[in-house]
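Rule-based calculations on the coordinates, nothing more; no lab input. As the structure is a prediction and not an experimental result, all values here were calculated from the model. So basically every Cβ, Gly included, is an ideal-geometry build from the backbone, and we count neighbours across all protein chains shown.
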Amino acid sequence: MLRELTGEERSAYLRGIHPIWGGLLDEPRFLAFQRRLADAPEAQGRYRILGWFDGDRLLSAVKIYELHGAAAGRALRVVGIGAVYTPPSLRRGGHAFAMLQAALERARTAGAQAALLFSDIDVTYYERLGFRPVESREASVETSQLPKPAGGFRSAMAGDESALARIFALPRASEQRLHLLRDEWTVRFQLRRLRELARARGVGEPEWGVMAETRSGEGGAMLRFGRDSVDVLDAAWSNDSAREALFGGLRDCMQRTGRIRLRLWPAAQLRGVFTTTERRSSIAMVARLAESAVLPERGGPTELALLDHN
């Protein structure tokens with residue numbers, strides 16, 4: 001049976017995934033972070049943790065996201081899948097596979113037309129469920145590849161969410177390749193994630209973005225910080241002067257925080273700007289849940305940015 005996790009069931013799942021996705025957080029902080037995110041107003045109706053049960057026994061669990069996208073000029077309802085987990089003692093029993101089959105069927109019945117996940121395991125497992133891998137590339141950019149800061153930028157702050165969503169949405173307005181929409185929920189949910197993560201680490205308001213404001217244009221980038229990198233979740237700009245100011249702001253951010261590289265996935269306006277390589281993990285995979293969905297073929301191009309990797 002597939003149903004939403006509650007109480008101790010959710011805690012058991014979070015304890016299980018902590019060694020895999022806990023990062024540098026100890027278990028109590030990781031559990032508190034994940035609980036606050038799941039209970040946040042931004043999560044309601046769009047993010048759930050579902051479990052596969054035999055009676056009251058939890059066999060496997062997964063995070064489910066209700067997303068909105070488009071491809072070939074058509075709107076798409078997309079179910080996002082993440083953090084699939086089965087307790088070690090129950091593995092190789094087909095529980096995760098059965099759970100995902102049920103979750104995909106539930107999403108299809110509810111009107112989802114496509115499914116999306118990012119795989120860190122052999123893709124053949126998900127291919128058996130109807131998924132296929134699509135373009136999965138990334139860029140690693142050194143400080144010297146960015147222009148020197150020359151003003152026209154500032155750190156993003158509370159209240160910039162709407163402007164950032166609008167800036168991100170503009171280059172995707174006429175995009176034909178598969179992409180997820182840049183509605184305000186996308187930005188606000190990711191910002192909630194960054195804030196709750198900062199809270200779990202015992203720090204204040206995180207630095208989460210750069211805004212570019214020039215006489216003739218505007219731009220913005222949403223960020224998170226890796227161990228040695230500034231990760232660009234998404235970025236966009238209205239003209240060349242705004243791009244120059246934005247990239248100068250990103251270089252300034254790297255220098256101030258002691259990060260040695262900028263990491264990004266080449267989507268939308270970030271496509272073609274820097275040299276990219278194939279990713280070895282977080283392989284994007286899509287599955288058609290409705291015949292009307294127009295999706296890329298195996299290895300085909302998409303416009304999926306780091307912001308889309310939940």
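Rounded to the nearest Hz, the phi-derived 3J(HN,Hα) couplings of the stretch 70-79 under the Karplus curve 6.51 cos²θ - 1.76 cosθ + 1.60 (θ = phi - 60°) are 7, 7, 6, x, 10, 5, 10, 8, 10, 9, where x marks glycine and proline.
Take every DSSP beta bridge whose two residues both sit in the chain; close to 85 percent of them are antiparallel.
Using Cα atoms only, what is the angle between the long axis of helix 27-39 and the major principal axis of the chain, expressed in degrees (0 to 90) to the nearest 10? Relative to the chain, helix 27-39 is tipped by roughly 90 degrees.
Across q = 0.18, 0.25 Å⁻¹, the stretch 29-126 modelled as identical point scatterers on its alpha-carbon atoms has Debye log10 I(q)/I(0) values of -0.97, -1.41, in the order of the q list. When each of the peptides 141-153, 211-223, 66-78 is scored by how many other beta carbons lie within 10 Å of its residues on average, the order from highest to lowest is 211-223, 66-78, 141-153. Rounded to the nearest 10 degrees, the angle from helix 95-109 to the longest Cα principal axis of the chain is 70 degrees.
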